[in-house]
Amino acid sequence: MRRTDIAAVVILLYGRNTGLISERGRRLAETAVDDPADPFQLVTLDGDAIASDPLRLLDEANTVGLFASRRAIRIKATSRNLAPVVGPLLAAPPPDTRVVVEAGDLNPTSPLRQLCEKAPNALAIPCNEDDAAAIDDLIAETMKAAGLSIDPEARDLLRGLLGGDRLTTRNELDKLTLFARGSGAVTADDVTAVVGDVSMLAIDQLVDACFLG
């Protein structure tokens with residue numbers, strides 16, 4: 001996998017599209033190192049763990065790899081504020097280390113979001129729900145990779161059933177291509193037989209979020 005040339009030490013991914021956050025987080029972490037399968041080069045940390053032990057992130061970021069200089073740390077953020085942990089890292093950035101923080105739907109006043117938006121050596125990237133154009137691109141990409149075509153009626157039906165979360169959409173597309181394997185083309189009947197209406201999941205999540213504050 002080609003290494004992406006990003007100068008930022010910390011990359012914050014936030015928003016409602018949890019699937020896209022995870023997908024981008026994995027890609028940004030893996031492309032920062034020579035061998036993503038090497039646990040010394042690519043480390044995954046839990047947000048609660050580093051919030052409870054603020055020095056752990058600094059120690060991990062400054063650890064020298066055994067066989068390669070480049071390292072990446074992927075953090076699964078939780079509801080706890082990680083700004084006090086990330087701040088010292090931005091103030092004294094380690095060489096050849098990329099830290100990717102995968103957060104939730106942070107509002108503009110979030111300390112972590114404000115920190116990463118203002119710091120010259122950090123990036124804050126919003127991950128919004130997939131719109132119709134993004135879903136069309138995912139359909140085309142998946143069909144091409146599977147060696148399948150899809151007729152306009154099936155595409156329109158499929159687009160209406162898919163929702164705004166990237167991971168859920170990919171799962172449904174994978175089921176569909178597996179079902180249609182060997183047929184050469186995806187039809188509306190295939191879509192009806194396999195794909196659930198995951199567009200309603202986004203509405204359910206919104207309602208849950210409203211009640212939970």
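The values are calculated or read from the model by the stated rules, or taken from the named source; none is laboratory data. The model shown is predicted, which means the values in this text are computed figures rather than measured ones. Here the Cβ positions follow ideal geometry from the backbone for every residue, glycine too, while neighbour counts run over all protein chains shown. Ligands, DNA and RNA are excluded from the accessible area calculation, which covers all protein heavy atoms including side chains. Shrake-Rupley method; radii C 1.70, N 1.55, O 1.52, S 1.80 Å.
What does the convex hull of the Cα atoms come to per residue for the range 69-186, in Å³? Numbers along the way, then the final one.
Working: hull volume 17.0 nm³, N = 118.
Value for the range 69-186: 144 Å³ per residue.
What part of the accessible area of the chain, given as a whole %, is carbon or sulfur when the probe is 1.4 angstrom?
Values: 6150 of 11200 Å².
Ligands and nucleic acids excluded, carbon and sulfur reach 55 percent.
Output the Cα-based Rg and Dmax of the chain in Å, rounding Rg to one decimal and Dmax to a whole number.
Calculated on Cα positions, Rg and Dmax stand at 19.7, 57 Å.
Any idea of the accessible area per residue across the chain, 1.4 Å probe, to the nearest Å²? Intermediate values should be presented prior to the final figure.
Values: 11200 Å² over 213 residues.
That works out to 53 Å² per residue.
Provide Rg and Dmax in Å for the range 47-116, with only Cα atoms included in the calculation.
12.3, 41
Quick one: work out Rg over Rh on the C-alpha atoms of the range 90-159, Rh as Kirkwood radius. Let's see the in-between values first.
Details: Rg = 18.9 Å, Rh = 15.7 Å.
On the Cα set of the range 90-159, Rg over Rh gives 1.20.
If packing is taken as the average count of other Cβ atoms within 10 Å, what order do 166-179, 142-155 fall into, highest mean first? Walk me through the numbers before you get to the answer.
Numbers: 166-179: 18.0, 142-155: 15.4.
Ranked by mean Cβ neighbours within 10 Å, highest first: 166-179, 142-155.
Based on the Cα gyration tensor of the range 1-115, what are the three equivalent ellipsoid semi-axes, each the root of five times an eigenvalue, rounded to whole Å and given largest first? It would help to have the intermediate numbers written out before the result.
On the way: eigenvalues 91, 55, 29 Å².
In descending order the semi-axes read 21, 17, 12 Å.
Magnitude of the Cβ-charge dipole of the range 57-159, K/R +1 and D/E -1, about the Cα centre, nearest 20 debye? Walk me through the intermediate numbers first.
On the way: 11 positive and 15 negative charges, 139 e Å.
Here the range 57-159 has a charge dipole of around 660 debye.
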